[in-house]
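Taking it in order: structure first as structure tokens, then the write-up.
All of the numbers you see were taken from the coordinates with simple rules; none came from a lab. As the structure is a computational prediction, the values presented were derived from the model and not from experiment. Using ideal geometry, Cβ is built from the backbone for each residue, glycine included, and neighbour counts are taken over all protein chains shown.
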Amino acid sequence: MPDLDIRDLTIEYKSGDYVVRAIDRLDLFVSSGELVVMLGPSGCGKTTLLSVLAGILKPQSGSVRFGDTDVSALKERALTEYRRATVGVVFQAFNLIPSLTALENVQVPLLAAKTRPKEARARAVSLLHRVELSDRMAHKPGKLSGGQQQRVAIARALAHDPTLVLADEPTAHLDYIQVEGILRLLRELANSGRTIIVATHDERLLPLADRIVELAPRGAVTARPPEHQVLGAGNVIFRQGDAGDLIYIVWRGEIELVRNLGDGSEQVIDRVTGGRYFGELAPIFGLPRSVTARATMDTVVTGYTPTDFRKQMGSPSMADMIVGADMQPSGEALHSSTLTSQAD
Ligand SMILES: Nc1ncnc2c1ncn2[C@@H]1O[C@H](COP(=O)(O)OP(=O)(O)O)[C@@H](O)[C@H]1O
Ligand SMILES: [Mg+2]
């Protein structure tokens, strides 16, 4: 299975003498079977990059190789063939044809490639079965939920069994239950050896990733330095119901996680001591804090963004983090100079 190798890639839009540099000298290597989530705010160049990977847009400079294919150097016919046979794109706005049924929508790329109608139909049926829409094949997009439409779009993108799957904001406008279905589907695709690139600004997708690539907004700084805090007994780090964007590692001392029961009483859910972490659910899922975090003694913690936290933990997958909530930070992190200087 081919790897994706992006080198020194620059993509610009020109209008008149005004130039927008959407992607600036990007290097990225993605192994086959890997699922990469490209994370970044609106306007940072995600759609632009996917368009180049899909062979729809030409870069200014740099190269994109997928296996033996130098995508950035392909000429007309080879490019058309690459777009048809190698890449499957799931567009942001589904792009389903409203007058066609789900089954017909999935058949479109097959019939366009002159697959025999009977074969095209059989293939579309099996793809819709795969995305669990067997009972919705005769429905038009207008009669399907957002999550179902998105699954039809994924089935259509898989029509030619592409080895590279690109998904642009696949969860826009979907609720959490629908997002889960899409995540599971994309995950399965990667597990079966395809290379999957998902562009999103939706942090709910982070648990899905083998790797997260953060694209910086053009002309702005995304890096957020870790927040070190030294607390005394009774000091609160965050309160139940707050919005939360940091995950905390306790270096020494103890943090109690307390749930307010509504009648004024409290229940201690957990006590987090040195070497453990807490507060991962709110930033990863975009939920409010479900507990209040409060120090019970002199305590030192550091708050990290989810991306920095993964680095700090030696990059476990987000799935492991959520399941194994009392996993220890890596030895390196525990004995880092940050810890020593904070503790002393
Ligand atoms: N067709 C275009 N012409 C000119 N500028 C564009 C065009 N498409 C996108 N851009 C600009 O390129 C930058 C990246 O856009 P885009 O790739 O759509 O970002 P994202 O998908 O991350 O929201 C933005 O500044 C956007 O305004
Ligand atoms: Mg976009």
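Annotations
- Bridge type composition, the chain - antiparallel percent by DSSP, nearest 5: 70 percent
- For Ile237, the residues whose modelled amide H falls within less than 5 Å of its own, excluding neighbours fewer than 5 places apart on the same chain, are Ala293, Arg294, Ala295.
- Test item: Cα-centred dipole of the chain, Lys/Arg +1 and Asp/Glu -1 on Cβ, debye: 1560 debye
- Mean separation of Cα pairs under 8 Å and 6 or more residues apart, divided by the residue count, gives the chain a relative contact order of 17 percent.
- Exposure proxy order (Cβ contacts within 10 Å, fewest to most) of Met313, Met297, Met38: Met297, Met313, Met38
- By the count of neighbouring beta-carbon atoms within 10 Å, fewest first, Ile284, Ile255 end up ordered Ile284, Ile255.
- Arranged from fewest to most other beta-carbon atoms within 10 Å of their beta carbon, Thr10, Thr86 become Thr10, Thr86.
- Helix-only [θ]222 nm of the chain, DSSP H runs n ≥ 4, -39500 (n - 2.57) each, per residue, nearest 500: -8000 deg cm²/dmol
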